[in-house]
Structures are given as structure tokens and as C-alpha cells.
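Undergrad: Have a look at the structure that comes next, please.
The values are calculated or read from the model by the stated rules, or taken from the named source; none is laboratory data. On a predicted model such as this, the values are computed, not experimentally measured, just so you know. Cβ coordinates were reconstructed from backbone atoms using ideal geometry, including for glycine residues, and neighbour counts include every protein chain displayed. Just so you know, the surface numbers come from the protein's heavy atoms only, side chains and all, with ligands and any DNA or RNA stripped out. Shrake-Rupley method; radii C 1.70, N 1.55, O 1.52, S 1.80 Å.
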Amino acid sequence: MRTTFAVHWHYGVATHSGWFRMMNDDRSLLRIGTTDQGDPYAIAVIADGVGGIGDGSRASDTAMEHVRKWLDVKLPKLLKVESLRSAFTHSTRLLFQEINEALILQGKDAGCQMSTTLTLLFLLNETYFLCHIGDCRIYYFNRYRLKQLTNDHSWAAEQVRKRKMTLQQARKHPNRHVLLHCLGTQKELQMEFKSGFYNPNSLFIMCSDGLYDRLPNKGIEHVLIENETAEKNLQQISDQLVDKALDQRSHDNISVLLLRPLSRSLNLLQRARYRMKNIHYLFPVDWRK
């Protein structure tokens, strides 16, 4: 049994291949550490390998291998710069381009397309930074309100943004899963970068499309509000979100990662109470700085 508590972070993760999939092409990663000044940070990553004519699992594995290398080699230097926003944008842009080139080469060697979505979230000093391509999502939940931070790089979402289709029509359209942008399909990338501020004890939700395809934003918000009131831990909420999607006969892979930055004023007694909770935990966390 593992706990989902860390000194400055509370988290939970759940994943499932879906009702009709033999393989799970989703991959997730969480790195927790502190800067040289003692400031806690967290980096969460989610990737959804594109199956069909390609090898989705291999593509998402490749993306995560490059991300781990970036965390080991580039992140320590990134944490020391003064202008973090521009440095983060530059560094993650190079990372995504490197993964894209590797996937294109793999696809040529394998004789099929190797592609994946990739979404990266970085939290430090009550500021968030994100780099995103594809249709995984990042939500921000605070004061019982859910806000979607990322845009879906899909054909259906583009139609909604152009007001050619309603959200309800997009959710049922047979081409709703067609991606306009992801890694491994074309040399020129169109990534999304964003930064902003967050409040201590607010909640970030990262998920693959298998969740929101069956559980719309209002449904996700309802689950979070219901469980916040019941004071359930994040692992229980992660499991429940996946179960809700499965109840709706989700045929796609489903992955959920919840991450909460704890208030720095959280006292030692509260921390000890969290540590004593034995929570069934299915997600390997990287504790290295």
C-alpha cells in the first residue's frame, strides 16, 4: 500500500484501458522536488498514444523517455533561471520538437505512423506553466468551479471554436477524436503555452480524452464538488472519475491525474495524519529532485 501524500503535494492517479481495448496507450509521470532555495515544485505529464494505424504505446513510451531525460538534465538548470516563463517556453518547445523528430524517424523505420499527444504541467511558487499538444486536458478546480486550461487540438473542437458546431454536436460526432495537432505526424508543431497563478489547496486535474468523452465538464465538476464536501482523498476521487467513465461504457483508454498544492501553513499534525492514511496507489512517482 502506498500513500498519495508528499510534504507539499497531495495527489491521486487512476487509469484503465476501457471496455473494449486490450492495450492502454496512456502514460503518466509525476516529478516532485525542491529548488536549491527550498521551494517545492511538481511537474505532471500525461500522454495519449495514437493507435489505429500506428503503435500508440510505443509512441507514448518514447515521449516519456525523452521527458525523463529532460527532467534529469534540463530541469535543474531551468530551476535556477530568473525569467522562468520564457525559459520554460523555450526549453519545452525544444523538448517537444525533439520528441516529434524521434517519432517521425521511428515511424519511417517501422513503416507506420508513430504519434502521441503530450501535456506537461509545472507548478512552482503558486505559479503554473503548461505546454500542450493534442487532446488531453488540464483543468483547474477552485471554490467549487471547474475551468479548462487547455484547448483540444481536435477537428471537432476546432469546429466548436469556429461556431460551426455546438458542444453537444461535437460530443456525438463520429470524427470527434480526429487530431489536428500531435507529435509524430508533421515537422511543424503548433503547441499551446500558458501560465498563470493558483491558490494553495486548489486542484489541478489532468486527463486523457477517455474521461471527458463520457463525462462532460459539468459531470467532472459535480464529482469534484460532491467529494470535496465529503472530504475524500484524491486517490478515491481519481478512482471514482474513472469508474464514472466506465459506467458510461467508455471504449477508449482513461487516465486521470489529480494534483493539489498544499498550503505552506499546513501544520505537522495535519501532515502526520495524511501520512497515516494507507491508500491503494497504482502510480509510480519519481521523488528525485
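Undergrad: Scanning the range 15-63 for residues that are among the aliphatic types (A, V, I, L, M) and surrounded by fewer than 19 Cβ atoms within 10 Å (Cβ to Cβ), which turns out farthest from residue 113 (Cα to Cα)? Reasoning before the result, please.
TA: In the first step, residues of the range 15-63 are kept if they are among the aliphatic types (A, V, I, L, M); the result is 22-23, 29-30, 32, 42-47, 50, 53, 59, 63.
Next, only the ones that are surrounded by fewer than 19 Cβ atoms within 10 Å (Cβ to Cβ) stay: 22-23, 53.
On the way: 22: 20, 23: 17, 53: 7 Å.
This residue is 22.
Here's the yes/no breakdown for (1) surrounded by fewer than 21 Cβ atoms within 10 Å (Cβ to Cβ); (2) within 22 Å of residue 47 (Cα to Cα); (3) of a type in the set (Gly, Ala, Ser):
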residue: 215; (1), (2), (3): no, yes, no
residue: 219; (1), (2), (3): yes, no, yes
residue: 228; (1), (2), (3): yes, no, no
residue: 232; (1), (2), (3): yes, no, no
residue: 244; (1), (2), (3): yes, yes, no
residue: 252; (1), (2), (3): no, yes, no
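Undergrad: When residue 80 is evaluated against the numbered criteria (1) open to solvent by 50 Å² or more (accessible area, probe 1.4 Å); (2) over 30 Å from residue 263 (Cα atoms); (3) in contact (Cβ under 8 Å) with a residue 12 or more places away in the chain, which criterion, by number, is the only one it fails?
TA: (2)
Undergrad: Can you tell me which residue among 47, 63, 42 is under 16 Å from the mean Cα position of the chain (by Cα), farther than 24 Å from residue 261 by Cα and hydrophobic (A, V, I, L, M, F, W, C)? So that I can check it myself, show each step before the final result.
TA: Values: 47 fails: farther than 24 Å from residue 261 by Cα; 42 fails: farther than 24 Å from residue 261 by Cα.
Step by step, each of 47, 63, 42 is checked, and only 63 is under 16 Å from the mean Cα position of the chain (by Cα), farther than 24 Å from residue 261 by Cα and hydrophobic (A, V, I, L, M, F, W, C).
Undergrad: Then there's this: Could you grab me the full set of residues in the range 60-75 that are among the aliphatic types (A, V, I, L, M) and in contact with a helix residue (DSSP H, G or I) (Cβ under 6 Å, 6 or more places away or on another chain)?
TA: The answer is 63, and nothing else.
Undergrad: Please note which strands (runs of 3 or more DSSP E) are completely contained in the range 141-258 and include at least 2 residues that are in contact with a Leu (Cβ under 9 Å, 6 or more places away or on another chain) and touching a residue at least 40 places away in the same chain (Cβ under 8 Å). It would help to see each step written out before you state the result.
TA: Numbers: elements: 145-148, 192-197, 203-207.
Here the list reads 192-197, 203-207.
Undergrad: Within the range 113-134, track down each residue that is surrounded by 24 or more Cβ atoms within 10 Å (Cβ to Cβ) and either among the basic types (Lys, Arg) or assigned to a loop (DSSP other than H, G, I, E, B) (or both).
TA: The answer is 114, 115, 117, 134.
Undergrad: Looking at the range 178-198, can you tell me whether even one residue there is among the small types (Gly, Ala, Ser), closer than 30 Å to residue 80 by Cβ and more than 12 Å from the chain's Cα centre (by Cα)?
TA: yes
Undergrad: When residues of the range 167-177 are filtered for being over 21 Å from the mean Cα position of the chain (by Cα) and either among the acidic types (Asp, Glu) or within 28 Å of residue 203 (Cβ to Cβ) (or both), how many remain?
TA: So the first thing to find is which residues in the range 167-177 are over 21 Å from the mean Cα position of the chain (by Cα), and the list is 167-170, 172-175.
From what's left, either among the acidic types (Asp, Glu) or within 28 Å of residue 203 (Cβ to Cβ) (or both): 167-168, 170.
Looking only at that region, the number is 3.
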